[in-house]
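Asks: To start, I am sharing the structure in question, which I have written as structure tokens.
Just so it is clear, none of the values below were taken in a lab; they were calculated from the coordinates. Not measured: the values here are computed from a predicted model. Neighbour counts are summed over all protein chains in view; Cβ atoms, including those assigned to glycine, are modelled from backbone coordinates with ideal geometry.
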Amino acid sequence: MQRSIRMPLRVEPLVNVTFKRKVAAFTTMYLLAILGFLLFLYARGYDGISILHYIFFYTFTVGEGVRSLLSTWGVVLTVALGALIAFRVRVWNIGLEGQYIVGAIGATYVALFMPCTSYLNLVFQLLLGFVLGMLWAFVPALLYVSISVNEVLSTIMLNYVAIYLLEYLVYGPWSGTYGFPQTREFTVKFSQIWGLPAPLLVAIVLALLVYVVMYHLRIGLIYRFIGENRKAGILQGYNVKLALLLCFLISGGLAGLAGVFEASYELGYLSPGVVRGYGFAGIAAAVLGRLDPLLTLFASLFIAFFLVGAYSVHLPALGFLAEGLLLVAHLSAEALTRYRIVVVRGGI
């Protein structure tokens, strides 16, 4: 007679989670993530403490570092808001990187080929970047809501199409006069307002706007209701498919805006260097911010700090390592605040 094997551990959901447990779980997991980051550096032969010290010094005290931090914060925050809007209704738009790229392409087209006054040119850059981001998300969004095509696969594949389109343009018809894989420099681009990057100020306003819509307007209540339970939304008579389509498109549009900010403020031209993984950085920031606009605002700063710091020590991959470790730490902490592991007596 075959005997079944019983696992010595069992996972049970927690009914009442104390604030102390939440603080302990998140603090512990984030500290472990930082420890893992340092151990990786030491394993690769680097002095982890010295690198972290330099990153802090560069990003918060050196003028160029502070400028890069604020600029990157604005871009990551804008992408994160796009991720947040889609993820709250359980639409997994992983194509934010591609939508970000076509937004940068749109800004470049306006800057180079649409002669008009400076302010009007910037407005058209924003509009075309937003529209192209929406259009890049439209096909996977339509396939998703109409015939349930997996949006993760379709949006990821379009990321590569966007990269190849970018390379075709900068190596081909839009190549600058010096033969480098980049366009001519923009004659009209974003600047600073009150000593802060204009894209950052726009991104903060967008975050506050998303917060107000989500938590203080009726449409936001419907949006969150559909995100929690689609079937209940259908029973209430809401057009759930239209809501999902709109969220998908707005998500892509915001990623396109981020591309405009990067091309028209940080770079001032279009080149393959615009592809810096900000699409995935925005996703990480949205998850770390627990899909809340205000928390995401600060989580984006956290992610931007590691991205800028990694470039400052000429190890850009460290930024992506930090993103991965922080995501694992955050998801582990979420699990620890929702479940507990119970030892089952008896064994086999």
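Asks: Testing residue 93 on (1) surrounded by fewer than 24 Cβ atoms within 10 Å (Cβ to Cβ); (2) assigned to a loop (DSSP other than H, G, I, E, B); (3) polar (S, T, N, Q), one condition comes back false. Which one is that?
Replies: With respect to (1) surrounded by fewer than 24 Cβ atoms within 10 Å (Cβ to Cβ); (2) assigned to a loop (DSSP other than H, G, I, E, B); (3) polar (S, T, N, Q), residue 93 is out only on (1).
Asks: Here is a follow-up. Select, from 130, 124, the only residue that is under 20 Å from residue 199 (Cβ atoms), touching a helix residue (DSSP H, G or I) at 6+ places or on another chain (Cβ under 9 Å) and without any contact (Cβ under 8 Å) to a residue 24 or more places away in the chain.
Replies: Just a single option satisfies the conditions, and that option is 124.
Asks: Based on this model, can you work out whether residue 321 counts as without any contact (Cβ under 8 Å) to a residue 24 or more places away in the chain, farther than 24 Å from residue 183 by Cβ and in a helix (DSSP H, G or I)?
Replies: No; evaluated as a whole, the condition is false for this residue.
Asks: Would you mind telling me which numbered condition in (1) under 23 Å from residue 93 (Cα atoms); (2) not in a loop (DSSP other than H, G, I, E, B) residue 123 fails?
Replies: Of (1) under 23 Å from residue 93 (Cα atoms); (2) not in a loop (DSSP other than H, G, I, E, B), only one is false for residue 123: (1).
Asks: Among the hydroxyl-bearing types (Ser, Thr, Tyr) and closer than 16 Å to residue 80 by Cα: is that true of residue 337 in this structure?
Replies: So residue 337 fails the test.
Asks: Go through the range 305-326 and give me each residue that's within 11 Å of residue 284 (Cα to Cα), out of contact with any Gly (no Cβ under 8 Å at 6 or more places or on another chain) and buried (at least 16 other Cβ atoms within 10 Å of the Cβ).
Replies: 322, 323, 326
Asks: Give the residues of the range 140-185 that are surrounded by 12 or more Cβ atoms within 10 Å (Cβ to Cβ) and part of a loop (DSSP other than H, G, I, E, B), sorted by residue number.
Replies: 149, 150, 174, 175, 176, 180, 181, 182, 183, 184, 185
Asks: Under 8 Å by Cβ, and 6 or more places apart or on different chains, what pairs join a residue from the range 226-240 that is touching a residue at least 24 places away in the same chain (Cβ under 8 Å) with one that is surrounded by 12 or more Cβ atoms within 10 Å (Cβ to Cβ) and among the hydroxyl-bearing types (Ser, Thr, Tyr)?
Replies: 226/238
Asks: Test residue 66 against the stated conditions and say whether it is under 30 Å from residue 314 (Cβ atoms), of a type in the set (Val, Ile, Thr), more than 14 Å from the chain's Cα centre (by Cα) and assigned to a helix (DSSP H, G or I).
Replies: Yes.
Asks: Sort through 188, 161 and tell me the only one that's among the β-branched types (Val, Ile, Thr), in contact (Cβ under 8 Å) with a residue 12 or more places away in the chain, closer than 24 Å to residue 121 by Cβ and out of contact with any Pro (no Cβ under 9 Å at 6 or more places or on another chain).
Replies: One residue alone meets the criteria, 188.
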